[in-house]
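Beneath this line is the structure, given in structure tokens, with notes to follow.
Please treat every number below as a calculation from the coordinates, not as lab data. Quick caveat: nothing in here was measured; it's all calculated off a predicted structure. Reconstructed Cβ throughout: ideal geometry from the backbone, glycine too, with neighbour counts over all protein chains shown.
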Amino acid sequence: MDIIRSVDTMHALALGWRARGKKVGFVPTMGYLHRGHTTLIELMRQRCEILIVSIYVNPLQFAPTEDLGRYPRDPEGDAKKCEAAGCDILFMPENLYPPDFRTTVNVSQITARWEGAARPEHFQGVATVVCRLFGLVQPTAAMFGEKDYQQFAVLKSMAHDLAMGIEIVPGPLVRDHDGLALSSRNVYLSGEERRRALSLHRALFAMRESRAPTATERIAEGRAILDCDGLDYLAVVHPDTLDPVEQIDRPLRAIATARYGKTRLLDNVAIGP
Ligand code: AMP
């Protein structure tokens with residue numbers, strides 16, 4: 001595995017692979033890698049000839065009040081995990097954006113609710129960084145975890161709308177042994193917060209197991225189980241548009257973000273009739 005820090009080196013290599021028709025797989029991350037990330041890397045390994053993982057904590061997707069400065073980092077541990085998972089190139093840019101960078105990418109409609117409403121400009125930051133990374137890395141396919149379900153839908157929509165010719169592949173949501181969705185931010189939780197945070201996936205799985213025909217009923221069942229310090233949203237949505245849906249008569253998604261102390265945790269499950 002090679003570690004590349006220069007944007008120009010990365011781009012030159014990527015253009016060479018593209019010219020030679022290579023299948024290039026890409027897994028973008030913000031580092032502090034766990035089994036959720038390495039699962040995506042291993043799955044992408046099976047679909048491509050050259051596998052690139054990026055680690056970049058993107059300032060554009062953090063609000064001034066958020067955890068950019070204290071976002072957990074472990075570059076050496078991450079490099080070992082990437083190599084073990086079959087990565088060819090670990091791209092860790094020092095300066096991802098040129099000084100005269102003046103472009104933003106904005107995906108409308110499906111960014112209006114949920115994470116988009118709770119974190120204004122977050123998805124603009126995500127779409128902008130992924131667009132620049134796609135330009136540099138020139139992948140044929142990129143994988144995004146269903147853990148961040150709305151993010152996956154936003155980026156799939158972006159790649160489709162802009163005819164990027166990049167296959168956007170969903171990666172399965174990976175959970176800890178007790179069911180908590182793995183997240184780099186789980187390290188912020190106290191023992192007591194982590195214990196209560198288990199109610200988040202339990203609430204979502206109860207909504208999935210329920211046979212109630214409406215979202216209102218299933219959300220009430222989920223809320224009765226959920227133990228948190230603040231609920232940003234618990235909703236049943238269309239899997240592509242992220243619009244709320246009331247009748248549970250086809251495959252849908254139950255999505256939630258709950259707060260434990262200062263930590264926001266996201267989770268979601270597929271649900272249906
Ligand atoms: P992050 O480093 O948190 O920005 O995440 C990088 C990628 O890993 C994104 O596509 C995430 O959706 C994905 N990811 C993070 N946590 C998980 C998880 N528990 N299971 C599956 N994918 C995940």
Checklist entry - Hey, got the dipole for the chain? About the Cα centre, +1 on K and R Cβ, -1 on D and E Cβ, debye to the nearest 20? => result 240
Checklist entry - Given Cα pairs under 8 Å that are at least 6 residues apart, what percent is the relative contact order of the range 184-266? => result 32
Checklist outcome for this item: Note: Arg47 to Ala12 extended length (0.36 nm per residue) minus current alpha-carbon separation gives 10.3 nm
Next on the checklist: Give me the one-decimal nm value for the distance between modelled label points at Glu192 and Arg259, 7 Å along each residue's Cα-to-Cβ direction.
Outcome noted: 1.8
Checklist entry - Using θ = phi - 60° and the Karplus curve 6.51 cos²θ - 1.76 cosθ + 1.60, what whole-Hz ³J(HN,Hα) does each residue of the range 48-53 get, with Gly and Pro shown as x? => result 9, 8, 10, 10, 10, 10
Checklist outcome for this item: Rounded to the nearest 10, the angle in degrees between the Cα long axis of helix 35-45 and the longest principal axis of the Cα atoms of the chain comes to 50
Checklist outcome for this item: Taking the range 1-158, the equivalent ellipsoid from its C-alpha gyration tensor has semi-axes in Å, biggest first, of 24, 17, 16
Next on the checklist: Output the 0 to 90 degree angle, nearest 10, between the alpha-carbon long axis of helix 122-137 and the longest principal axis computed from the alpha carbons of the chain.
Outcome noted: 30
Next on the checklist: Please list, ordered by chain and number, the residues whose modelled amide H lies under 5 Å from the amide H of Phe144; skip anything fewer than 5 residues away on the same chain.
Outcome noted: Val169, Gly171
Checklist entry - Once both labels are modelled 7 Å past Cα along the beta-carbon direction, what's the Arg35-Arg208 spacing in nm? => result 1.6
Checklist entry - Mind checking the angle between helix 191-209 and the chain's longest principal axis? C-alpha axes, 0 to 90 degrees, to the nearest 10. => result 80
Checklist entry - What nm value, rounded to one decimal, do you get for the distance between Asp240 and Ile225 when each label is placed 7 Å out toward the C-beta? => result 2.9
Next on the checklist: Once you keep just the Cα pairs under 8 angstrom separated by 6 or more residues, what percentage relative contact order results for the range 2-171?
Outcome noted: 30
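Which residues make up the longest stretch of the chain that has no trypsin sites (Lys or Arg not before Pro) in a DSSP loop with at most 12 other Cβ atoms within 10 Å?
Working: sites that count: Arg5, Arg20, Arg70, Arg102, Arg211, Lys262.
Value returned for the longest uninterrupted segment is 103-210.
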Checklist entry - Count of lysine pairs in the chain with Cα atoms under 22 Å apart, counting only pairs 8 or more residues apart in sequence or on different chains? => result 5
Checklist entry - What is the Å³ per residue value for the convex hull set by the Cα atoms of the chain? => result 132
